[in-house]
Amino acid sequence: MLKKLFEKSLLYFGTLVAGKILSAVFFMVLARLLQPEKFGEISFFITVVQVVSVLADVGLKSWYQKEAAQRPLAELWARLIRYRLLTGGVVAIIVWVLNTWWQWFAGAQFYLLLACIMGESWLTMADGYYLARSQSLRLGYKLIVRNVILFVCLVWLRQEASTLAFLSWYTLTLWLTVGLYVPWRTVAWRQVGRKLAAPDVKTCASYAAIDDLGVLYSRADSMVIERLLGSSSLGIYAAAYRFVDAFNLLPQALFHNLFPVAARKNGVTRGQTLKMWAVMAGMGVAVGVVLFIASDFLTVTLLGEAYAPAAGLLRMFAVLVALFFANAPLNTIIQSSDVVSRYVPWLTVATILNIGLNIVWLPTYGLYGSVYSMIAAELFLTVVNWVMMRKIYEQK
């Protein structure tokens with residue numbers, strides 16, 4: 001079972017890598033064209049889209065995958081569409097109210113933000129649809145297609161290297177991807193329009209809490225940096241963190257493929273979990289070493305001298321990547337178990353710790369304060385994961 005799981009995860013990882021390579025090359029060129037300040041503005045926009053999209057999901061995608069092993073998929077798919085579109089609309093209204101108050105985005109940028117939020121709703125639903133059917137490769141193909149379309153934007157940006165020009169093309173690319181990726185033929189609009197039973201609130205609440213805390217845990221630092229240090233600093237930080245995201249694809253691939261298996265009763269034994277942890281921890285250390293050695297090349301050489309401060313950040317991020325790899329199998333076992341609700345308080349503490357340390361350390365240590373905060377929070381979660389994993393198997 002483990003061999004097939006890793007083979008499938010590696011194949012899925014391969015498609016994700018191909019998509020991320022395209023994405024990395026695109027954003028390297030984009031960073032050179034726009035320089036740190038405008039690149040920081042774009043990174044902030046994308047971060048807000050990602051955070052809001054996860055908040056709008058309210059655990060529905062994970063609920064869908066969990067229920068898929070026990071209920072008819074057609075009925076679940078209609079229920080997912082109905083309630084995900086509803087939550088997406090509600091969150092869009094909330095964002096409109098908050099933006100009127102705080103003025104994050106003005107004019108056309110705000111309407112592009114709303115369009116991206118609704119587009120991400122469909123991509124999230126389609127992700128759940130394919131993952132529940134063990135078709136994870138489609139997620140990798142989606143990433144490749146989306147980034148190929150994005151490359152056309154470079155021709156436009158050479159003539160008009162502005163934030164609005166990029167965000168307009170980014171939004172168009174997102175909706176083109178929605179059109180190609182969503183399995184429209186399976187959408188039974190009449191059934192979606194009927195009054196369908198609401199998803200189990202208790203199950204969704206646990207996954208919503210984990211998803212929401214997870215995105216805040218990994219993205220709130222960017223929002224704090226933008227508020228405290230400005231767009232230029234966020235541009236530097238985002239340039240380094242993009243490489244962390246790229247190398248974090250294998251843990252994500254393992255999570256997506258392992259979750260449906262682990263969700264079954266006695267799906268993964270303790271011995272298998274420990275073997276996966278050993279393999280992933282070893283890979284994480286290897287990737288961390290590569291990041292550390294290649295930090296100057298990945299930042300200064302590829303992005304330009306303006307991004308020289310990102311090299312030191314990337315060397316510190318090497319530690320974080322190793323921790324991400326090692327924690328991936330443990331996270332999956334915990335989040336697919338029946339005791340997932342017990343994990344929420346600990347993830348809450350880790351998220352508060354990360355954000356709190358960012359606020360305290362950024363003024364003192366600059367951008368390094370954000371890296372230190374993330375490493376401290378991830379070490380805390382590592383201890384929690386081991387304790388919870390042990391309790392799960394003791395109960396079995």
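The values are calculated or read from the model by the stated rules, or taken from the named source; none is laboratory data. Computed from a predicted structure; not experimentally measured. Every residue, glycine among them, receives a Cβ derived from its backbone with ideal geometry; neighbour counts consider all protein chains shown. Just so you know, the surface numbers come from the protein's heavy atoms only, side chains and all, with ligands and any DNA or RNA stripped out. Shrake-Rupley method; radii C 1.70, N 1.55, O 1.52, S 1.80 Å.
Residue under question is Thr177, and the condition is that it be at pLDDT 85 or above and closer than 30 Å to Gln65 by Cβ; does it hold? It is true that Thr177 is at pLDDT 85 or above and closer than 30 Å to Gln65 by Cβ. Taking (1) modelled with pLDDT under 80; (2) surrounded by 20 or more Cβ atoms within 10 Å (Cβ to Cβ) in turn, Pro260 satisfies each apart from (2). The residues on offer are Leu320, Leu250, and the sole one that is closer than 28 Å to Ser206 by Cβ and at pLDDT below 80 is Leu250. Does Gly312 count as open to solvent by 20 Å² or more (accessible area, probe 1.4 Å), small (Gly, Ala, Ser), in contact with a Phe, Trp or Tyr (Cβ under 9 Å, 6 or more places away or on another chain) and modelled with pLDDT of 85 or more? Answer is no for this residue.
Looking across region 81-106, just one residue is in a loop (DSSP other than H, G, I, E, B) and open to solvent by less than 50 Å² (accessible area, probe 1.4 Å), and that is Phe105.
Taken over region 263-282, residues that are open to solvent by 30 Å² or more (accessible area, probe 1.4 Å) and either assigned to a helix (DSSP H, G or I) or modelled with pLDDT of 80 or more (or both) amount to 9.
Condition check ((1) of a type outside the set (S, T, N, Q); (2) in contact (Cβ under 8 Å) with a residue 24 or more places away in the chain) across all residues:
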{"position": "Arg270", "(1), (2)": "yes, yes"}
{"position": "Leu320", "(1), (2)": "yes, yes"}
{"position": "Ser336", "(1), (2)": "no, yes"}
{"position": "Ala350", "(1), (2)": "yes, yes"}
{"position": "Gly356", "(1), (2)": "yes, no"}
{"position": "Leu367", "(1), (2)": "yes, yes"}
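Quick check on region 73-80. Is at least one of its residues in a helix (DSSP H, G or I), touching an Asp or Glu at 6+ places or on another chain (Cβ under 7 Å) and open to solvent by less than 50 Å² (accessible area, probe 1.4 Å)? Yes, some residue in region 73-80 is in a helix (DSSP H, G or I), touching an Asp or Glu at 6+ places or on another chain (Cβ under 7 Å) and open to solvent by less than 50 Å² (accessible area, probe 1.4 Å). Among the candidates Glu41, Glu7, the residue that is assigned to a helix (DSSP H, G or I), modelled with pLDDT of 75 or more, over 30 Å from Leu196 (Cβ atoms) and among the acidic types (Asp, Glu) is uniquely Glu41. Restricting attention to region 44-70 and to residues that are part of a loop (DSSP other than H, G, I, E, B) and more than 15 Å from Gly89 (Cα to Cα), the residue that is most open to solvent (accessible area, probe 1.4 Å) turns out to be Gln70. For Ile392, state whether it is surrounded by 13 or more Cβ atoms within 10 Å (Cβ to Cβ), out of contact with any Cys (no Cβ under 6 Å at 6 or more places or on another chain) and either within 17 Å of Ile225 (Cβ to Cβ) or at pLDDT 95 or above (or both). Judged against the criteria, Ile392 is not a match. From the list Ala165, Ala161, Ala197, the one residue that fits, being touching a helix residue (DSSP H, G or I) at 6+ places or on another chain (Cβ under 9 Å), modelled with pLDDT of 80 or more and either open to solvent by 40 Å² or more (accessible area, probe 1.4 Å) or farther than 30 Å from Leu86 by Cβ (or both), is Ala165.
Restricted to region 125-230, the set of helices (runs of 4 or more DSSP H) holding at least 2 residues that are over 29 Å from Lys38 (Cα atoms) comprises 137-151, 163-181, 189-193, 201-228. The set of residues in region 91-121 that are without any contact (Cβ under 8 Å) to a residue 24 or more places away in the chain and more than 14 Å from Ile46 (Cα to Cα) comprises Ile93, Ile94, Trp96, Val97, Leu98, Asn99, Thr100, Trp101, Trp102, Gln103, Ala106, Gly107.
For every residue, the table says whether it meets (1) under 21 Å from Ala220 (Cβ atoms); (2) modelled with pLDDT under 85; (3) polar (S, T, N, Q).
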position	(1), (2), (3)
Leu55	yes, no, no
Glu67	no, yes, no
Trp104	yes, yes, no
Glu120	yes, no, no
Met125	no, no, no
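Could you list, ordered by first residue, the pairs with Cβ atoms under 6 Å in which the first is in region 180-192 and among the hydroxyl-bearing types (Ser, Thr, Tyr) and the second is modelled with pLDDT of 80 or more, at least 6 apart or interchain? So the pair list comes out as Tyr181/Ala126; Tyr181/Lys142. Scanning region 341-375 for residues that are within 20 Å of the chain's Cα centre (by Cα) and small (Gly, Ala, Ser) returns Ala350, Ser370, Ser373.
Only one of the numbered conditions (1) of a type outside the set (A, V, I, L, M); (2) buried (at least 19 other Cβ atoms within 10 Å of the Cβ); (3) under 30 Å from Leu228 (Cα atoms) is not met by Gln335, and that is (3).
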